[in-house]
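The values are calculated or read from the model by the stated rules, or taken from the named source; none is laboratory data. None of these values were measured; they are calculated from a predicted model. Cβ atoms come from the backbone with ideal geometry, glycine included; neighbour counts cover every protein chain shown.
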Amino acid sequence: MSISEQDGEKADVPLTIDPDIFTESHGIFRKTVRHFFETEADPYLEAWDEAHAIPRSFWRKAGDLGILGIGVPEEYGGPGGDFLDRVVMTQEMGYAISSASIGPAFQRDQMCEQLMDFGTEAQKKQWLPKMVKGECLLAFTVTEPDSGSDLSSIRTTAVRNGDHYVINGAKTYISGIADADLFLVACKTDPDAGSRGISVFLIERDAPGLRIGRVLKKMGCHASSNGELFFDNIRVPAENLFGPLNGGFKVLVKSLNRDRLMWSIISHAAATRAFDLTVEFVKDRKAFGQSVFDFQNTRFRLADMAAELAVGQAYIDRCLRTFIRQGEVDMMEATIAKLWLPEMEGRIVDQCVQLHGGAGYMDEYPVSRLFTAARLHRIFAGTAEIMRLQIGRAL
């Protein structure tokens, strides 16, 4: 049985429909995005996983449909839209079966927002039209062999030399490394200044001295590549500085706050999909003369999951209302969301696998892929431990 056959026709996504948050136009956009993932991604998940790659044609189709570069104005070739359009796209991508494999690759589209926030006019004109068409794919490179969520421990250096910066160092676990055309690279430009000595640079894939290392084998998300980058005396023009000199921490933090909220939304949407698939499965599955759904244990477990999903959605709505009021993501709310929602997702998807029985361990059932993807969500964009550390400091 294929994934598409097992999944069947899905109902409306039971995610936020609060009219105080989303408008009718957001609902129309939701249907467009949902149909795109159902027709252009979900049917091809197995093939993309086996190839460990997403074809370029997929990104061009997404660009043609206007779901790349959300928020980029028409003057830069973008589709326009607002932050809530980004949320809608993220919810629908998280609910799609294909998110279990392509999620990390697709979420890098958020870098269009970073370019709008911190790029120079020349950088915007050069890169944004290509990005929104799916012709230029970006990768954000922060994590290093000896540093992850602790941004101040970055060791890759950028030293000014005339009209250039000379960059040396290494990055690892970088999402989208196999097909990225442009890298946003976090470097130390003032090694003695800690987090206040970080700068970000734009580096093209064919830059002399840039070497793509291994594409790393992973537990899941096989279609989204992760790998290594090495910088050996790369000479980068000074105009490739992205954001202010020694102001990279601000660039990173603002992007991380949004990223953490978006991954929290993905976690909730993916957990919701696993729950919906499980309800459908246990109603069809028979044991001892009745459906698995009819056992009290099954109903109790499903009831607990439904309650956690409702609580999670309420907190997401709170985060969205804060954004509407303040015009930006609240750091503490995003941190709490990134701690709780992926851990909630882990609990729910684990129970969903259990209720599927042996079938839940088989990749032909979507819940298996959702399970391995959920494990990544507690690490990606900041581990749960780092979230606890930041919340604890705020106390």
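Please determine whether any residue of the range 57-74 is more than 20 Å from the chain's Cα centre (by Cα), in a loop (DSSP other than H, G, I, E, B) and not charged (D, E, K, R).
Yes, because at least one residue in the range 57-74 is more than 20 Å from the chain's Cα centre (by Cα), in a loop (DSSP other than H, G, I, E, B) and not charged (D, E, K, R).
Looking at this structure, is ILE174 of a type outside the set (Ser, Thr, Tyr), in contact with a strand residue (DSSP E or B) (Cβ under 6 Å, 6 or more places away or on another chain), crowded, with 22+ Cβ neighbours inside 10 Å and over 22 Å from ASP259 (Cα atoms)?
Values: of a type outside the set (Ser, Thr, Tyr): yes; in contact with a strand residue (DSSP E or B) (Cβ under 6 Å, 6 or more places away or on another chain): yes; crowded, with 22+ Cβ neighbours inside 10 Å: yes; over 22 Å from ASP259 (Cα atoms): no.
Spelling it out, it is not the case that ILE174 is of a type outside the set (Ser, Thr, Tyr), in contact with a strand residue (DSSP E or B) (Cβ under 6 Å, 6 or more places away or on another chain), crowded, with 22+ Cβ neighbours inside 10 Å and over 22 Å from ASP259 (Cα atoms).
Restrict the check to the range 365-372 and report whether at least one residue is in a loop (DSSP other than H, G, I, E, B) and either over 23 Å from LYS217 (Cα atoms) or hydrophobic (A, V, I, L, M, F, W, C) (or both). Don't jump to the end; show me each part of the working.
Of the residues in the range 365-372, the ones in a loop (DSSP other than H, G, I, E, B) are 365.
In the following step, the residues that additionally are either over 23 Å from LYS217 (Cα atoms) or hydrophobic (A, V, I, L, M, F, W, C) (or both) were identified as none.
Checked the range 365-372: no residue is in a loop (DSSP other than H, G, I, E, B) and either over 23 Å from LYS217 (Cα atoms) or hydrophobic (A, V, I, L, M, F, W, C) (or both).
Is at least one residue of the range 376-387 closer than 30 Å to PHE295 by Cβ and out of contact with any helix residue (DSSP H, G or I) (no Cβ under 6 Å at 6 or more places or on another chain)? Before you say what the answer is, go through the steps one by one.
The initial filter retains those residues of the range 376-387 that are closer than 30 Å to PHE295 by Cβ, namely 377-378.
Applying the additional criterion that residues be out of contact with any helix residue (DSSP H, G or I) (no Cβ under 6 Å at 6 or more places or on another chain) yields none.
No, there is no match, as no residue in the range 376-387 is closer than 30 Å to PHE295 by Cβ and out of contact with any helix residue (DSSP H, G or I) (no Cβ under 6 Å at 6 or more places or on another chain).
Which one is farthest from GLU46 (Cα to Cα) among residues in the range 78-112 that are assigned to a helix (DSSP H, G or I) and in contact with a Gly (Cβ under 6 Å, 6 or more places away or on another chain)? Before you say what the answer is, go through the steps one by one.
Going residue by residue through the range 78-112, those that are assigned to a helix (DSSP H, G or I) are 83-95, 99-112.
Pick out the ones that are also in contact with a Gly (Cβ under 6 Å, 6 or more places away or on another chain) and you get 105, 108, 112.
Working: ALA105: 16, ARG108: 22, CYS112: 29 Å.
Here the residue is CYS112.
Quickly run through the range 120-139 and pick out the residues that are touching a Lys or Arg at 6+ places or on another chain (Cβ under 9 Å) and assigned to a loop (DSSP other than H, G, I, E, B). It would help to see each step written out before you state the result.
Step one: of the range 120-139, the residues touching a Lys or Arg at 6+ places or on another chain (Cβ under 9 Å) are 133-139.
Across the range 120-139, the qualifying residues are LYS133, GLY134, GLU135, CYS136, LEU137.
State all residues of the range 326-339 that are part of a helix (DSSP H, G or I) and without any contact (Cβ under 8 Å) to a residue 40 or more places away in the chain; if no residue qualifies, say none. Show your work before the answer.
The initial filter retains those residues of the range 326-339 that are part of a helix (DSSP H, G or I), namely 326, 331-339.
Result: GLN326, single match.
Applying the selection to the range 52-70, what residues are surrounded by fewer than 17 Cβ atoms within 10 Å (Cβ to Cβ) and modelled with pLDDT of 90 or more?
PRO55, ARG56, SER57, ARG60, ASP64, LEU65, listed by residue number.
Being at pLDDT 95 or above, among the charged types (D, E, K, R) and not assigned by TED's automatic domain parsing to the domain that holds MET89 narrows it down to one residue among ARG235, ARG196, ARG214, ARG260; which is it? Give the steps one after another, and end with the answer.
On the way: ARG196 fails: at pLDDT 95 or above; ARG214 fails: at pLDDT 95 or above; ARG260 fails: at pLDDT 95 or above.
It is ARG235.
Give the range 144-167 a look and list any residue that's of a type in the set (Val, Ile, Thr) and more than 20 Å from ARG196 (Cβ to Cβ), or say none.
Of the range 144-167, the ones of a type in the set (Val, Ile, Thr) are 154, 156-157, 159, 166-167.
The answer is VAL166, and nothing else.
Checking the condition within 28 Å of ALA105 (Cβ to Cβ), aromatic (Phe, Trp, Tyr) and not assigned by TED's automatic domain parsing to the domain that holds ALA314, which residue from PHE242, PHE275 passes? Steps first, answer last, please.
Details: PHE275 fails: not assigned by TED's automatic domain parsing to the domain that holds ALA314.
None of the other options fit; the residue is PHE242.
Keeping to the range 272-290, report how many residues are over 28 Å from ASP82 (Cα atoms) and either surrounded by 15 or more Cβ atoms within 10 Å (Cβ to Cβ) or touching a residue at least 40 places away in the same chain (Cβ under 8 Å) (or both). Before you say what the answer is, go through the steps one by one.
First pass over the range 272-290, keeping only residues over 28 Å from ASP82 (Cα atoms): 274-290.
Now restrict to residues that are either surrounded by 15 or more Cβ atoms within 10 Å (Cβ to Cβ) or touching a residue at least 40 places away in the same chain (Cβ under 8 Å) (or both): 274-282, 285.
Summing the residues that are over 28 Å from ASP82 (Cα atoms) and either surrounded by 15 or more Cβ atoms within 10 Å (Cβ to Cβ) or touching a residue at least 40 places away in the same chain (Cβ under 8 Å) (or both) in the range 272-290 gives 10.
Suppose we keep only residues that are in contact (Cβ under 8 Å) with a residue 12 or more places away in the chain, more than 24 Å from the chain's Cα centre (by Cα) and more than 19 Å from ILE97 (Cα to Cα) within the range 353-395. Which one would you say is surrounded by the most Cβ atoms within 10 Å (Cβ to Cβ)?
Within the range 353-395, the match that is surrounded by the most Cβ atoms within 10 Å (Cβ to Cβ) is GLY357.
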